[in-house]
Amino acid sequence: MTEERKPAFPTGSTGEIVYQPEGRQPGPAVPEDVLIVLPVRNTVVFPGAVVPLTIGRRISLAAAEEAARSGRRIGLVMQKDPSVDEPGPQDLHPVGTIARVVRYFTARDGTQHVVCQGEQRFRALDYLPGLPFLAARFDEAREPPSESMALEARARILKERAIEAIQLLPQAMPELAGIINGLEDPGQLADLVAGFLDVKPAQKQQVLETFDLQVRLDKVLELLTHQVEVLKLTRQLEEQTKENLEERQREFFLREQMKTIQKELGDNGDASELDELRAAIEAAGMPEEAAQQARKELRRLEQMPESSGEHSMVRTYLDWLVALPWTKLDAETIDIARARQVLEEDHFGLPKVKQRILEYLAVRKLNPEGRSPILCFVGPPGVGKTSLGQSIAKALGLKFVRASLGGVHDEAEIRGHRRTYIGSLPGNVIQQLRKSGTRNPVFMLDEMDKLGAGFHGDPSSALLEVLDPEQNTTFRDNYLAVPFDLSKVFFVATANQLDTIPGPLRDRMEIIELPGYTQEEKLEIARRYLVQRQLKANGLSAEQASITDAALQEIAAHYTREAGVRNLEREVGAVLRNAAVRISEGSATEVTIDAPAIRDILGARKFESEVAARTSTAGVATGLAWTPVGGDILFIEATSMPGKGQLILTGQLGDVMKESAQAAVTLVKTRAGQLGIQGFDFDRHDLHVHLPAGAIPKDGPSAGVALFLAVASLLTGRKVRSDVAMTGEISLRGLVLPVGGIKEKTLAALRAGITTVLLPKRNDKDLEEIPENARRQLDIIWLETVDDALRAALEG
């Protein structure tokens, strides 16, 4: 059997269920000085406001039923966190509003509703336990009479602002302004305005908790002022949008009328413009696929109104197709003698590089249809990589374009953006070809080793298609979406180092390495090119100012230390600017700058030969290092101290160099008898090896010989010769193994004033790479074992 349950609340004539206290069992007795509390979410009820509330939680239903049954007032308090379903005293704000239950009913869908009218503020003191609902002892907050002039002034301003806000709100009730005008009590006015403000519940709660009337008026006035400004700005934006729409509609109607008038007069301007575009497409000499795509887009353009946003996109696309050099080829004038003359005039030295360029030009002359290799010049900054590309273009009589790849990390920079994106453009390759106006320029891809990769794709992978002769005949830019033939472009790339260039990309290029310059070569370059260029840049003539060879030698040796000549040119420019000042002042008409004057102009020497000073004690050796900007010398210092036999390594060393240092110490220990250091107790002494310039990371195995000699010098007390520098990896058997960067390292030794260089015997094949004048000035000793290094480097 099932028990038929009757509704707790009988229905009224309107269909809603009205609460009737008769027939209900009374709940626990609630003392008279205790207030029944109904927690509400995201709602703040102010005194005087009539608010309908929907209730459904157990404690809320119990509180509403008890208040309706007993006819008592109820306390409406907002929760701190609306997501809490069973709030306790700690979850409620301390201040709420005492309200009278006007009506309590159940709707047809079964939801419970209560209509409350706020009367006054209260502060909850403590909550009573053991009741099915929340109840608290409380303290009523009665407002004192308000008759001061300050309150009256604030209330008047608040009325004006409130009426202004009502006028800006289209959905506001018109009678609300009359109600506000009729209020004389400042407290009631502040509560009424705060109630209809569109602000966060937390801000309304702050107003409710403000008992000081003057402070409350200021808070409400501040919130209302902000609201009025927002409403004004909204109204202004709506009016501007409406004006823009009306202007566009007006422009559309005028254009349609203009088209009709032009049609009647037989003067169709758009049609003639489209005819010109059609003729340009036919005259561009595009391949069939590109021509079909252009005609298709032109037909679409004819059907589009000019005011359409897509009209300009299609028109721009067609302009790009028409402007590209589909068939234009500049005539190549390959004269090997003239090319050799141009290379000699523009660059000093670099015999191997020049010879390889001439070989390339000779093959291109004999087989014009052959697929040429892509040349990649690799070398330190300032050695003339970019200017070599310009010289090639000059020798061939072709145009020269350049795209800098440094910092490029988006594949679209190479291959272009798809036309679906607003503001899309072709990639750098197509852009530069349009700029050149020919299909066979000399195209330099500068700083290829500085390509990046990001979430937009890998640009180095996009370059694979550009630089592959098997693929670049049908290079497809994302913007054009049709193939373009790049096989006639003479690509030349530059880089400072090869390590950061991906293997597949490096495999598509022929690497030509450019070494750094010796002091003699720098002197000749400065005499031939740099001085002339800086004279012109500073507005001087050769008769007005000149620099002697001794002065140029002084600048190159003591004011620059680089593989290239870029800083040398800057210092030459600084010297000539000093001469320009003297000539402009009238203190001199002709200026000849000699070596003694360099110190007065450029200041104290920036670089001194410090090898002798730093290797004047035992335990210091001079190594040779390779860097992306050329070679450099490296000092290695060793010392010992009482300890526990530990090896201390400092100077920001990498793992490979740390292992080299450990191998060097082990090798010294195994050869203690041969070195005459049997009396040294390794177990009671710590060895400390340091490489100065600690802010610069260092790594690699090539410092093995220098590390071994530094430790051997320390323990034997024999100094390493100050004019000796060395490089080479060592093994535990004492063998000296080959290393890379021999050319750069020997040139660095020469720049630092070193006269003897110790190199691994197995690197003798690299001897030809060292410039001939550097070989003449250096005494090169080949090492097979560390014994050879000991005999050549240690004094005594």
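Once the range 487-541 is narrowed to residues that are polar (S, T, N, Q) and under 32 Å from the mean Cα position of the chain (by Cα), the residue that is least open to solvent (accessible area, probe 1.4 Å) is Thr494. Looking only at residues in the range 580-598 that are part of a helix (DSSP H, G or I) and without any contact (Cβ under 8 Å) to a residue 40 or more places away in the chain, the one that is surrounded by the fewest Cβ atoms within 10 Å (Cβ to Cβ) is Glu585. Would a scan of the range 719-731 turn up a residue that is in contact with a helix residue (DSSP H, G or I) (Cβ under 9 Å, 6 or more places away or on another chain), part of a loop (DSSP other than H, G, I, E, B) and under 30 Å from Arg684 (Cβ atoms)? Yes, the conditions are met somewhere in the range 719-731. Candidates Thr746, Thr727: the one that is at pLDDT 90 or above and among the hydroxyl-bearing types (Ser, Thr, Tyr) is Thr727. Is it the case, given these coordinates, that Glu359 is under 30 Å from Gly516 (Cβ atoms), open to solvent by 60 Å² or more (accessible area, probe 1.4 Å) and not small (Gly, Ala, Ser)? Yes, satisfied. Each residue in the range 741-762 was checked for being within 18 Å of Val378 (Cβ to Cβ), in contact (Cβ under 8 Å) with a residue 60 or more places away in the chain and β-branched (Val, Ile, Thr), and 1 of them qualify.
Based on what the data block shows, is Pro82 in contact with a Lys or Arg (Cβ under 8 Å, 6 or more places away or on another chain), assigned to a loop (DSSP other than H, G, I, E, B) and open to solvent by 20 Å² or more (accessible area, probe 1.4 Å)? Spelling it out, Pro82 is indeed in contact with a Lys or Arg (Cβ under 8 Å, 6 or more places away or on another chain), assigned to a loop (DSSP other than H, G, I, E, B) and open to solvent by 20 Å² or more (accessible area, probe 1.4 Å). In this structure, does Val102 turn out to be under 28 Å from Pro82 (Cβ atoms), open to solvent by 60 Å² or more (accessible area, probe 1.4 Å), in a strand (DSSP E or B) and β-branched (Val, Ile, Thr)? Criteria met by Val102.
When the range 42-61 is filtered for residues that are farther than 30 Å from Glu184 by Cβ and either modelled with pLDDT of 90 or more or open to solvent by less than 60 Å² (accessible area, probe 1.4 Å) (or both), the ones remaining, listed by number, are Ile55, Arg57, Ile59, Ser60, Leu61. Only one entry of Asp319, Asp335, Asp330, Asp346 meets the criterion of being more than 24 Å from Asp449 (Cα to Cα), in contact with a helix residue (DSSP H, G or I) (Cβ under 7 Å, 6 or more places away or on another chain), of a type in the set (Asp, Glu) and open to solvent by less than 80 Å² (accessible area, probe 1.4 Å), and that entry is Asp346.
Scanning the range 208-229 for residues that are surrounded by 13 or more Cβ atoms within 10 Å (Cβ to Cβ) and β-branched (Val, Ile, Thr), we see that the one that is nearest to Gln120 (Cα to Cα) is Thr210. Scanning the range 291-310 for residues that are assigned to a helix (DSSP H, G or I) and open to solvent by less than 40 Å² (accessible area, probe 1.4 Å), we see that the one that is nearest to Leu254 (Cα to Cα) is Leu301. If only residues of the range 642-660 that are touching a Leu at 6+ places or on another chain (Cβ under 9 Å) and part of a helix (DSSP H, G or I) are counted, the one that is nearest to Ile696 (Cα to Cα) is Met657. In this structure, Asp218 does not qualify as part of a loop (DSSP other than H, G, I, E, B), closer than 30 Å to Leu92 by Cβ and acidic (Asp, Glu). Scanning the range 720-733 for any residue that is open to solvent by 60 Å² or more (accessible area, probe 1.4 Å) and more than 24 Å from Thr756 (Cα to Cα) turns up at least one such residue. A single entry from Gln236, Gln205 fulfils the requirement of being open to solvent by 90 Å² or more (accessible area, probe 1.4 Å) and in a helix (DSSP H, G or I): Gln236.
Counting only residues that are buried (at least 20 other Cβ atoms within 10 Å of the Cβ) and either assigned to a strand (DSSP E or B) or at positive phi (or both), the range 113-137 holds 9 of them. Sub-7 Å Cβ pairs linking a first residue in the range 223-250 that is touching a residue at least 12 places away in the same chain (Cβ under 8 Å) to a second residue that is surrounded by 10 or more Cβ atoms within 10 Å (Cβ to Cβ) and not aliphatic (A, V, I, L, M), at least 6 apart or interchain, are Leu223/Gln203; Leu224/Arg161; Thr225/Arg161; Gln227/Asp198; Val228/Arg161; Val228/Glu164, ordered by first then second residue. For the range 434-486, the tally of residues that are closer than 30 Å to Gly382 by Cα, surrounded by 22 or more Cβ atoms within 10 Å (Cβ to Cβ) and more than 30 Å from the chain's Cα centre (by Cα) stands at 3.
Of the residues examined, Arg108 is not one that is more than 19 Å from Leu61 (Cα to Cα) and either over 58 Å from the mean Cα position of the chain (by Cα) or not β-branched (Val, Ile, Thr) (or both). Within the range 366-386, restricting attention to residues that are over 17 Å from Met448 (Cβ atoms) and polar (S, T, N, Q), the residue that is surrounded by the fewest Cβ atoms within 10 Å (Cβ to Cβ) is Asn367. Quick check, is Thr316 polar (S, T, N, Q), modelled with pLDDT of 80 or more and over 25 Å from Pro771 (Cα atoms)? Here the answer is yes, as Thr316 does meet what is asked.
For (1) assigned to a helix (DSSP H, G or I); (2) among the β-branched types (Val, Ile, Thr), each residue gets a yes or a no:
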position: Arg506; (1), (2): yes, no
position: Ile511; (1), (2): no, yes
position: Pro515; (1), (2): no, no
position: Lys522; (1), (2): yes, no
position: Arg527; (1), (2): yes, no
position: Gln534; (1), (2): yes, no
position: Ser541; (1), (2): no, no
position: Ser546; (1), (2): no, no
position: Ala551; (1), (2): yes, no
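Residues of the range 138-162 that are within 60 Å of the chain's Cα centre (by Cα) and surrounded by 15 or more Cβ atoms within 10 Å (Cβ to Cβ): Phe138, Ala141, Glu143, Leu151, Arg154, Ala155, Leu158, Lys159, Arg161, Ala162. Is it true that some residue in the range 677-686 is part of a loop (DSSP other than H, G, I, E, B), in contact (Cβ under 8 Å) with a residue 12 or more places away in the chain, open to solvent by less than 20 Å² (accessible area, probe 1.4 Å) and on the phi < 0 side of the Ramachandran plot? Looking for residues that are part of a loop (DSSP other than H, G, I, E, B), in contact (Cβ under 8 Å) with a residue 12 or more places away in the chain, open to solvent by less than 20 Å² (accessible area, probe 1.4 Å) and on the phi < 0 side of the Ramachandran plot, one finds at least one in the range 677-686, hence yes. Residues of the range 394-418 that are buried (at least 20 other Cβ atoms within 10 Å of the Cβ) and more than 23 Å from the chain's Cα centre (by Cα): Ala395, Leu396, Leu398, Val401.
The values are calculated or read from the model by the stated rules, or taken from the named source; none is laboratory data. Note that the structure is a prediction, hence the values are computed from the model and not measured. Every residue, glycine among them, receives a Cβ derived from its backbone with ideal geometry; neighbour counts consider all protein chains shown. Heads up: the accessible areas ignore ligands, DNA and RNA and are worked out on the full protein's heavy atoms, side chains in. Shrake-Rupley method; radii C 1.70, N 1.55, O 1.52, S 1.80 Å.
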